[in-house]
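Student: Before we start, here is the structure in question, set down as structure tokens.
The values are calculated or read from the model by the stated rules, or taken from the named source; none is laboratory data. Just so it is clear, the structure is predicted and the values come from calculations on it, not from any experiment. Note: ideal-geometry Cβ built from the backbone for every residue, glycine included; neighbour counts use all protein chains shown. For accessibility, only protein heavy atoms count, side chains too; no ligands or nucleic acids. Shrake-Rupley method; radii C 1.70, N 1.55, O 1.52, S 1.80 Å.
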Amino acid sequence: MSIWVNEQLDPSGILYSCIACCNEEMAQECHQSFQERLTEQQRSEGWIARLRTVESWDEVPANALKLD
């Protein structure tokens with residue numbers, strides 16, 4: 001089972017927000033939203049939005065919003 005993990009990280013690499021789900025389409029939409037919500041100033045400071053996949057809920061950060 002693939003789990004898509006959307007993460008928004010600050011310039012020092014600290015996880016700011018995280019949403020995980022099993023639905024790829026929902027994950028892509030969430031990632032697009034994360035990307036669009038980053039301001040130009042945040043981008044220039046080094047904020048990033050990334051989408052990655054994991055195979056187990058154990059690999060999802062503990063503070064993530066987990067959607068089925």
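Student: Summarise the accessible area of the range 11-56 (1.4 Å probe, protein heavy atoms) by the percent that is carbon and sulfur.
Tutor: 47
Student: Restrict the search to the chain; then list the GluC sites (Glu not before Pro) that DSSP places in a loop and that have at most 14 other Cβ atoms within 10 Å of their Cβ.
Tutor: In loop regions of the chain (DSSP not H, G, I, E or B), the sparsely surrounded GluC sites (Glu not before Pro) are 55.
Student: Could you work out the relative contact order of the chain? I mean the mean sequence separation of Cα pairs under 8 Å and 6+ apart, divided by the number of residues, in percent.
Tutor: Contact order relative to length: 46 percent.
Student: Here's something else I'd like to know. In Å², and per residue, what accessible area does the chain have when probed at 1.4 Å with the other protein chains present?
Tutor: On the way: 4380 Å² over 68 residues.
Per-residue accessible area for the chain comes out at 64 Å².
Student: Which three extents, in angstrom, do the Cα atoms of the chain have along their principal axes, listed largest first?
Tutor: So the three principal-axis extents are 36, 22, 15 Å.
Student: With each run of n ≥ 4 DSSP H residues scored as -39500 (n - 2.57), what mean residue ellipticity at 222 nm is computed for the chain after dividing by its residue count and rounding to the nearest 500 deg cm²/dmol?
Tutor: Here the helix-only value at 222 nm equals -8500 deg cm²/dmol.
Student: Between residue 62 and residue 2, what is 0.36 nm times their sequence separation minus the Cα-Cα distance? Round to one decimal in nm.
Tutor: Once the chain is fully extended between residue 62 and residue 2, it gains 19.9 nm.
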